[in-house]
Amino acid sequence: MIHDLSFVPEVEDDAIAGYHWYEQKAPGLGEEFLRVFYASASEAARDPLHSPKVYGEFRRRLLRRFPYALYYRIEEPTVVVYGLLHCARSPLLIRGTLIDRTAG
């Protein structure tokens, strides 16, 4: 079953920041980053249970080619994406970011 897909507003900021960083490294790499991000989000909507739970009900889906992860929860009938965060971030910072975004 394909779930609906939703993003909290802060995810747009996450994606734009990643886009700009990679686009500065090499023209077109930012576009590839966005393609991989949206493909990963679509995969999460198609098979949300595939990714492991990492913080309570939050699941983490690693992006291909880029050191980023998509963090989401299943809120039937929707997969809600709460973060697109760099994997080098502190786990405590990631957890705090996700908790803050659920409160808003």
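The numbers here are math on the coordinates, done by the rules we state, and not lab data. Note that this is a predicted model, so its numbers are computed, not measured. Here Cβ is always computed from backbone atoms with ideal geometry, including for glycine, and neighbour counts include all displayed protein chains.
Taking Cα atoms, how many degrees apart are the long axis of helix 91-103 and the longest axis of the chain, rounded to 10 and kept between 0 and 90? So the helix axis and the longest Cα principal axis differ by about 60 degrees. Between the helical axis of 9-25 and the dominant principal axis of the chain, each derived from Cα atoms, what acute angle in degrees is found, rounded to the nearest 10? With rounding to tens, the tilt is 30 degrees. Across the chain, the relative contact order, built from alpha-carbon pairs under 8 Å that are at least six residues apart, equals 29 percent. Using C-alpha pairs under 8 Å with a sequence gap of at least 6, the mean separation divided by the residue count of the range 18-71 gives a relative contact order of 24 percent. Okay, which of the range 90-104 sit inside 16 Å, backbone N to the point 7 Å along the Cα-Cβ direction of GLN24? In the range 90-104, the label zone of GLN24 (backbone N under 16 Å from the point 7 Å along Cα→Cβ) covers no residue. Using alpha carbons only, how many degrees (0 to 90, rounded to 10) separate the axis of helix 29-46 from the longest principal axis of the chain? With both axes taken from Cα atoms, the answer is about 10 degrees. Note on VAL54 and SER6: their simple-model spin labels are 2.2 nm apart, each label 7 Å out from Cα toward Cβ. With a simple spin-label model that places each label point 7 Å from the Cα along the Cα-to-Cβ direction, the separation between ARG89 and ILE16 comes to 1.6 nm.
Just so you know, the Rg over Rh for the chain is 0.95, from Cα atoms, with Rh as the Kirkwood radius.
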